[in-house]
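> Below: one structure in structure tokens.
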Amino acid sequence: DGLLETSRAVKTKLDVPIALGYSNVGKVLESKSPYFKKGDLVVSNSSHSDINIANHSLVAKIPSNVSNENAVFTVLGSISMHGIRLAKPQIGEKVLVVGLGLIGLITCKLLQANGCYVIALDIDKERCKKASKMANLVINSTDNEFFYDLIQKNTNSKGVDKTIITAKSKDANLMNKLI
């Protein structure tokens, strides 16, 4: 929906409290769900703890050929996929991903696999380096305060079609810098 609409949506979400944690891998100890039985190996997006109670819609069985180390990325991947589904990118569209932490990197890779032209933006040089294989254009906004001009140059002055923000910042100016 563009940068301004994304900015408005993010600003309305900033005051909503959320539970911390991304995902857990473990065995089902007890289940009233027809989908899981005691002993099933599962991944969930429950909060961090030794024992969790989770709604069955937030839990997935781990296939026998998938390691726990790989399964734990399920929730992170689903967060990236959710943002991508909301953005509804089409093949060939130019998508700006702001924030190149783990979710941002996964988002870049999935967008690239979807046939999008990916522009990745972050303030951290190491994160930008990691994104170099997952994006068509990587911009370190600390080194380049005129990143908007770079985006315009690389999009034939049309700008981006979509923006997905995966950045975490206590700085309220993050959105202002993008507009």
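The values are calculated or read from the model by the stated rules, or taken from the named source; none is laboratory data. No experiment lies behind these values; they were computed from the predicted model shown. Note that each Cβ is placed from the backbone with ideal geometry, even for glycine, and that neighbours are counted across all protein chains shown. Note: accessible area is taken over every heavy atom of the protein model, side chains too, but ligands, DNA and RNA are not part of it. Shrake-Rupley method; radii C 1.70, N 1.55, O 1.52, S 1.80 Å.
> Could you check how much of the accessible area of the range 76-179 is carbon and sulfur, as a whole percent, using a 1.4 Å probe?
Summing carbon and sulfur atoms, their accessible area is 53 percent of the total for the range 76-179.
> Rounded, prolate or oblate: which fits the range 106-165, taking a ≥ b ≥ c as square roots of the Cα gyration tensor eigenvalues, rounded meaning a/c under 1.5, else prolate when a/b beats b/c?
Numbers: a/c = 2.00, a/b = 1.05, b/c = 1.91.
Oblate is the answer for the range 106-165, as a/c is 1.5 or above yet b/c matches or exceeds a/b.
> A further question on this structure: Would you work out which of Ile84, Val66, Gly101 lies farthest towards the positive end of the dipole of the range 46-129, given +1 charges on the beta-carbon of Lys and Arg and -1 on that of Asp and Glu, about the Cα centre?
The residue sitting most towards the positive pole is Ile84.
> Could you give the length gained on full extension between Lys129 and His56, defined as 0.36 nm per residue of separation minus the Cα-Cα distance, in nm? Please list the in-between numbers first.
Values: separation 73, 0.36 × 73 = 26.28 nm, distance 3.81 nm.
This chain segment gains 22.5 nm when fully extended.
> Starting from the amide H of Val97, placed 1.01 Å from N in the peptide plane, find each other amide H under 5 Å away whose residue is 5 or more places distant or on another chain.
Ile119, Ala120, Leu121, Ile164
> At Asn68 and Arg85, where each label point lies 7 Å from the Cα along Cα→Cβ, what is the point-to-point distance in nanometres?
So the label points at Asn68 and Arg85 sit 2.8 nm apart.
> Here is a follow-up. Which lysines does Lys153 reach when only Cα atoms under 25 Å apart count, and residues fewer than 8 places away in its own chain are ignored?
Output for Lys153: Lys88, Lys94, Lys109, Lys125, Lys129, Lys130, Lys133, Lys162, Lys177.
> Would you mind getting the accessible area per residue of the range 82-137, heavy atoms of the protein chains only, 1.4 Å probe, in Å²?
Ligands and nucleic acids excluded, the figure is 51 Å² per residue.
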